[in-house]
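Inspection log for the structure reproduced underneath, given as structure tokens.
The values are calculated or read from the model by the stated rules, or taken from the named source; none is laboratory data. All values reported here derive from a predicted model rather than from experimental measurement. Note that each Cβ is placed from the backbone with ideal geometry, even for glycine, and that neighbours are counted across all protein chains shown. We work out accessible area using only protein heavy atoms, side chains counted, and drop any ligands, DNA or RNA first. Shrake-Rupley method; radii C 1.70, N 1.55, O 1.52, S 1.80 Å.
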Amino acid sequence: METKDRPTCPHCGAHLLKWMPPPESSWGSYFQYACFNDECPYYQRGWDWMMKHYQVKASYRYRLDPQTGEEGPLPVWSPNAIRNMIVESDESEVNHE
């Protein structure tokens, strides 16, 4: 899929990337879209929010289910967490910092 055809993150405008949930997840065996922009304000705010409310060092990334349209958080425990499950990416769009 061309970049221009991919959905974008409502929080930062970055193109979402296809991400494959682990087999044991409740999301099924098809891909989800997720925002992997480390500059995304939703992701950045998540670190403080999770520490304040749950006392854990974690955050979340924006997630979109293309089959149902459901949106929600995708939990992460580090900036590099779950990147190994991206099934399609444009390296210029994935900030590995």
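Is it the case that segment 27-46 has a residue that's at pLDDT below 95 and either touching a helix residue (DSSP H, G or I) at 6+ places or on another chain (Cβ under 8 Å) or among the charged types (D, E, K, R) (or both)?
No, every residue in segment 27-46 fails to be at pLDDT below 95 and either touching a helix residue (DSSP H, G or I) at 6+ places or on another chain (Cβ under 8 Å) or among the charged types (D, E, K, R) (or both).
Exactly one of (1) of a type outside the set (Asp, Glu); (2) open to solvent by less than 90 Å² (accessible area, probe 1.4 Å); (3) at pLDDT 95 or above is unmet by Val87. Its number?
The number of the failed condition is (3).
Collect the residues in segment 38-49 that are within 14 Å of Pro75 (Cα to Cα), within 16 Å of the chain's Cα centre (by Cα) and open to solvent by 30 Å² or more (accessible area, probe 1.4 Å), keeping them in residue-number order.
Filtering segment 38-49 for residues within 14 Å of Pro75 (Cα to Cα) gives 38, 42-49.
Now restrict to residues that are within 16 Å of the chain's Cα centre (by Cα): 38, 42-47.
Of everything in segment 38-49, those that are within 14 Å of Pro75 (Cα to Cα), within 16 Å of the chain's Cα centre (by Cα) and open to solvent by 30 Å² or more (accessible area, probe 1.4 Å) turn out to be Tyr42, Gln44, Arg45, Trp47.
Are any residues in segment 9-30 more than 19 Å from Arg83 (Cβ to Cβ) and open to solvent by 70 Å² or more (accessible area, probe 1.4 Å), and if so, which ones?
Pro10, Ser26, Ser29
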